[in-house]
1. Looking at the stretch B:131-141, which of its residues are more than 12 Å from residue B:177 (Cβ to Cβ) and touching a strand residue (DSSP E or B) at 6+ places or on another chain (Cβ under 8 Å)?
2. Any chance the stretch A:33-56 includes a residue that's more than 14 Å from chain B (Cβ to nearest Cβ), under 23 Å from residue B:145 (Cα atoms) and touching a helix residue (DSSP H, G or I) at 6+ places or on another chain (Cβ under 6 Å)?
3. If we only count helices (runs of 4 or more DSSP H) wholly inside the stretch A:1-90, which ones have 2 or more residues that are under 15 Å from residue A:133 (Cβ atoms)?
4. Does the stretch B:125-143 include one or more residues that are at pLDDT 95 or above, under 30 Å from residue B:46 (Cβ atoms) and in a loop (DSSP other than H, G, I, E, B)?
5. Does residue A:120 satisfy the criteria of being touching a helix residue (DSSP H, G or I) at 6+ places or on another chain (Cβ under 8 Å) and either at the interface with chain B (Cβ under 10 Å from one of its Cβ atoms) or not in a loop (DSSP other than H, G, I, E, B) (or both)?
6. Name, by its number, the condition in (1) more than 13 Å from the chain's Cα centre (by Cα); (2) farther than 19 Å from residue A:125 by Cβ; (3) at pLDDT 95 or above that does not hold for residue A:19.
7. What about residue A:70, is it more than 14 Å from chain B (Cβ to nearest Cβ) and without any contact (Cβ under 8 Å) to a residue 40 or more places away in the chain?
8. Out of curiosity, is residue B:116 touching a residue at least 24 places away in the same chain (Cβ under 8 Å), surrounded by fewer than 18 Cβ atoms within 10 Å (Cβ to Cβ) and in a loop (DSSP other than H, G, I, E, B)?
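The values are calculated or read from the model by the stated rules, or taken from the named source; none is laboratory data. The model shown is predicted, which means the values in this text are computed figures rather than measured ones. Ideal geometry is used to build each Cβ from the backbone, glycine not excepted, and the neighbour counts take in all protein chains shown.
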């Protein structure tokens, strides 16, 4: 089914805004440019636009809460978001991963760390094309920052 | 009236495989200019240019007074940035040699061994004495990663933003591969866009296709 009529344009996407949003999460500019391109510049237009809308709104939520401390979230643990290549092309001893990892802290409210359920959640969040997996990871950072802020005593 | 020898098109095709179309064109244009002057260069364009449009472009810039291509790799090195692996898609030895002179040895370089011309790849790679590794179209993704870059050569960019590249680029850089390499770099080896139909090449939107067009 064509999506061209419903989402033929993502001209509203402002990559600089997402770049700024991820600056504290992916400090290196080149790494961040790669992540932002995958989230906003690759894949179907409707995904690019949807990723942008959700990330900007979550960014607004985080900003209004004043929840900017990603270090605490990082300290709770992260897992790599793999770059998927056909299995026979994977480099041995070298994990191919994006420079944006997935924070696992927020998942602990859903399933204990190390549990099969949490592992399955990670698989779901990392699955699919990179514009999904990386947008999922970015959203998890923002949701995690908001939750961590709200959990403060 | 100059008298260029017959078979130049075949000779040029043979050399273009192992040097690249632009590099081979400069070799031929310089050689013809040395022996036959600008008149000979014009005749070379007439005889071979329609078949090898990159040669046609090189003869035009020669006749306009350009005596050597711009092979300064500084902007390409900048585009490669912190990448530690570079996969080269296509071959232009005049440009690649300069790049290898400037790239730190810690940056690994591979060449996709695929060409529209017959090529002795072992001979090509032997010239690099181990500095450049061989990968093939079906294996180059083993070099993918968050610190990996893809580099190809472009043959001019028109005013509408379309650039001519090797068909190999489109075969290599599909939607999946685009998200497996942090930088997608084109190094433009022609200072003027092609005048003729881009035989042996394909046109792409430079801005949409590449993260860096140098």
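1. Within the stretch B:131-141, B:131, B:132, B:133, B:134, B:135, B:136 qualify.
2. Of all residues in the stretch A:33-56, those more than 14 Å from chain B (Cβ to nearest Cβ) come to A:46, A:49-50, A:52-56.
After this cut, where a residue has to be under 23 Å from residue B:145 (Cα atoms) as well, the list is none.
So far as the stretch A:33-56 goes, no, none of its residues is more than 14 Å from chain B (Cβ to nearest Cβ), under 23 Å from residue B:145 (Cα atoms) and touching a helix residue (DSSP H, G or I) at 6+ places or on another chain (Cβ under 6 Å).
3. Working: elements: A:15-21, A:29-40, A:45-65, A:70-75.
So the answer is A:29-40, A:45-65.
4. No.
5. When the stated conditions are applied, residue A:120 does not pass them.
6. It fails just one condition, (1).
7. no
8. On the way: touching a residue at least 24 places away in the same chain (Cβ under 8 Å): yes; surrounded by fewer than 18 Cβ atoms within 10 Å (Cβ to Cβ): yes; in a loop (DSSP other than H, G, I, E, B): yes.
Criteria met by residue B:116.
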